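Down below is the structure, laid out as structure tokens.
The values are calculated or read from the model by the stated rules, or taken from the named source; none is laboratory data. These numbers come from a predicted model, not from an experiment. Positions of Cβ are backbone-derived with ideal geometry, glycine not excepted, and every protein chain shown enters the neighbour counts.
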Amino acid sequence: MAGLYIHIPFCQSRCIYCDFYSTTLPASWQMPYIEALGRELELRVTNYEIRNYNSELGTQNSELDTLYIGGGTPSQLTSEALRRLFHIIDQHITLAPDAEVTIEANPDDVCPQWISLLKDTPVNRISMGVQSLDDGILRTLHRRHTARQAKEAIKWLQEAGYQNLSIDLIYGLPGQSLSQFESDVREVLAMGIPHLSAYALQFEEGTPLMQMKAKGEVTEADEELSLACYNKLIDLTHNAGLEHYEISNFARPGWRSRHNSSYWTGTPYLGLGAGAHSYDGKRQRSYNCEDLKRYIQEIEQGQLPMQIEELDEDARYNERVMLSLRTCEGLSLSALEQDFGRERLNYCLRMVKPHIEGGRLQEKADKSLCLTRLGLFVSDDLISDLMV
Ligand code: SF4
């Protein structure tokens, strides 16, 4: 089964740590952008080059399993733009009866009016970027909302019947202590949230956060504190009955993100919109340009503003190792041999040996390899050791 991702790049303001493609262009750009998304979908369906996406996605004859509207800030869409977006989707796509339809939202956009607008759409899952429940930290990050607004948004959504909620948190934030992060996780879990994504703060090139670091205005959390936060997160979510199903993702049984899971298992997906990526499930990834005005202009001229990357054998092997080891299912050695041959399997077995002996990787009864708790803490280095 495959998924459709739609990128809505509008943000009211920019958070200091963010390196996703988004723009603060005014709302008057929303309708032209939504129309361009519809045109891109038509072009994708008819364009010979990407006909394989079409057949994989079943946009003509079968049903779509997951739809994810991400950003940017999709909850910034006006009611007119959101309705038009779902009308376009409805014209081109058949969703499976049990399709997972996710929209990302910022807490301060969630209000009873927005929720009633959502009720007219097939959305059944909301992913909300809360990041922290400390107002001082939220201000430092230039988040637009307060902790109270985030909690209120969760309550409103739950009262309206949206139980399938995912919350994003960040740890290793400037000024954050272990006890503050622990209190965030406890509070989110106490609210009955079935899905939690938590990431260590990254200092990405070109972000205001990186500039602040260069000027000495913020410092990176030391590694010990970040590891203590991650450790606490794993314990608290485990005690609350959530599965640690991917390095940064935790869910109650039955509440995993089906859409994001398809990224980690190499399932094909189609990404629409400025900055969106696609994967044909075989050898090709494509990347749309990260420029809203150029995206609209080229789409209006009947061109797909994307670059295609052909993945060679090494790149495919590296992706397989990296993505599977992120998941609790791990890396299947039999599938690795089947897809890449005995020689590549032997290479992998040689490289994993010290990590198995060091207790960072374990081999399960079904002949797959997965990270141990120790391995989770050094996953980046460990995974890069296994690459070609
Ligand atoms: S709202 Fe989300 S996408 Fe927009 S700048 Fe902040 S983190 Fe990035």
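Per-residue answers, yes or no, for (1) over 27 Å from Gly216 (Cα atoms); (2) charged (D, E, K, R); (3) in a helix (DSSP H, G or I):
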position	(1), (2), (3)
Lys151	yes, yes, yes
Leu157	yes, no, yes
Val188	yes, no, yes
Gly192	yes, no, no
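Residues satisfying the criterion are absent from region 176-193 (criterion: within 16 Å of the ligand (Cβ to nearest atom) and assigned by TED's automatic domain parsing to the domain that holds Ile69). Counting residues in region 34-56 that are at pLDDT 95 or above, within 16 Å of the ligand (Cβ to nearest atom) and crowded, with 16+ Cβ neighbours inside 10 Å gives zero.
Kindly check whether there is at least one residue in region 125-141 that is in a loop (DSSP other than H, G, I, E, B), of a type outside the set (A, V, I, L, M) and surrounded by fewer than 17 Cβ atoms within 10 Å (Cβ to Cβ). No, every residue in region 125-141 fails to be in a loop (DSSP other than H, G, I, E, B), of a type outside the set (A, V, I, L, M) and surrounded by fewer than 17 Cβ atoms within 10 Å (Cβ to Cβ). Scanning region 231-270 for residues that are modelled with pLDDT of 95 or more, assigned to a strand (DSSP E or B) and either surrounded by fewer than 20 Cβ atoms within 10 Å (Cβ to Cβ) or not hydroxyl-bearing (Ser, Thr, Tyr) (or both) yields Glu243, His244, Glu246, Asn249, Phe250, Ala251. In region 63-107, of all residues being in a loop (DSSP other than H, G, I, E, B), closer than 24 Å to Thr267 by Cβ and over 17 Å from the mean Cα position of the chain (by Cα), the one that is nearest to the ligand (Cβ to nearest atom) corresponds to Ile93.
When residues of region 314-327 are filtered for being exposed (fewer than 14 other Cβ atoms within 10 Å of the Cβ) and closer than 20 Å to Ser262 by Cβ, how many remain? Counting residues in region 314-327 that are exposed (fewer than 14 other Cβ atoms within 10 Å of the Cβ) and closer than 20 Å to Ser262 by Cβ gives 0. For region 118-145, the set of residues classified as within 16 Å of the ligand (Cβ to nearest atom) and free of Cβ contacts under 8 Å to residues at least 24 places away in the same chain consists of Leu138, Arg139, listed by residue number. For region 299-313, the set of residues classified as over 11 Å from Leu43 (Cα atoms), surrounded by 12 or more Cβ atoms within 10 Å (Cβ to Cβ) and out of contact with any Cys (no Cβ under 8 Å at 6 or more places or on another chain) consists of Ile308, Glu309, Leu311, Glu313, listed by residue number.
If only residues of region 1-25 that are assigned to a loop (DSSP other than H, G, I, E, B) and more than 15 Å from the ligand (Cβ to nearest atom) are counted, the one that is modelled with the highest pLDDT is Ala2. Regarding Ala274, is this residue surrounded by fewer than 18 Cβ atoms within 10 Å (Cβ to Cβ), on the phi < 0 side of the Ramachandran plot and at pLDDT 95 or above? In short, no.
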